[in-house]
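Asks: Shown below is the structure under consideration.
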Amino acid sequence: MAFGYIGSMRTKPGHRDEVVAILTRGEDGLRAAGCRLYAVGLDPEDQDKIWISEIWESAQHHAESLQLPETKAAIAEAMPMLTGEFSGQRVEIVGGLGVS
């Protein structure tokens, strides 16, 4: 069973696009780390809120990805532009379109 994570983060006003740019680079590294899906979305009702949906081979793959140097660098780059308001929900992926 695959591991899923759905989360949101709030940026400081005027920094949403910069954070999105950080989040949407490095697709090859995510794929190599065991990520099946990494989707970044904008909240249509809140210009400072970003939503991220992820599917990983396993929870361990996800945890290990957070220790990669490029992941740590991206987090450090984005943190000053975030308010610290985060939400997150872990889920077990059981199926669906595009999920094998």
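Asks: Looking at this structure, is SER100 in contact with a strand residue (DSSP E or B) (Cβ under 9 Å, 6 or more places away or on another chain), among the polar types (S, T, N, Q) and open to solvent by less than 80 Å² (accessible area, probe 1.4 Å)?
Replies: So SER100 does not fit the description; no.
Asks: Is the range 47-63 home to any residue that is assigned to a loop (DSSP other than H, G, I, E, B) and more than 30 Å from SER100 (Cβ to Cβ)?
Replies: Checked against the condition, which is being assigned to a loop (DSSP other than H, G, I, E, B) and more than 30 Å from SER100 (Cβ to Cβ), the range 47-63 yields at least one hit.
Asks: So which residues in the range 59-72 are over 13 Å from the mean Cα position of the chain (by Cα), open to solvent by less than 70 Å² (accessible area, probe 1.4 Å) and at pLDDT 95 or above, if there are any at all?
Replies: ALA59, HIS61, listed by residue number.
Asks: Of everything in the range 64-83, what is out of contact with any strand residue (DSSP E or B) (no Cβ under 8 Å at 6 or more places or on another chain) and outside any helix (DSSP H, G or I)? Give them in sequence order.
Replies: Answer for the range 64-83, where residues must be out of contact with any strand residue (DSSP E or B) (no Cβ under 8 Å at 6 or more places or on another chain) and outside any helix (DSSP H, G or I): LEU66, GLN67, LEU68.
The values are calculated or read from the model by the stated rules, or taken from the named source; none is laboratory data. All values derive from a computational prediction rather than experimental measurement. Reconstructed Cβ throughout: ideal geometry from the backbone, glycine too, with neighbour counts over all protein chains shown. Note: areas computed on protein heavy atoms with side chains; ligands, DNA, RNA excluded. Shrake-Rupley method; radii C 1.70, N 1.55, O 1.52, S 1.80 Å.
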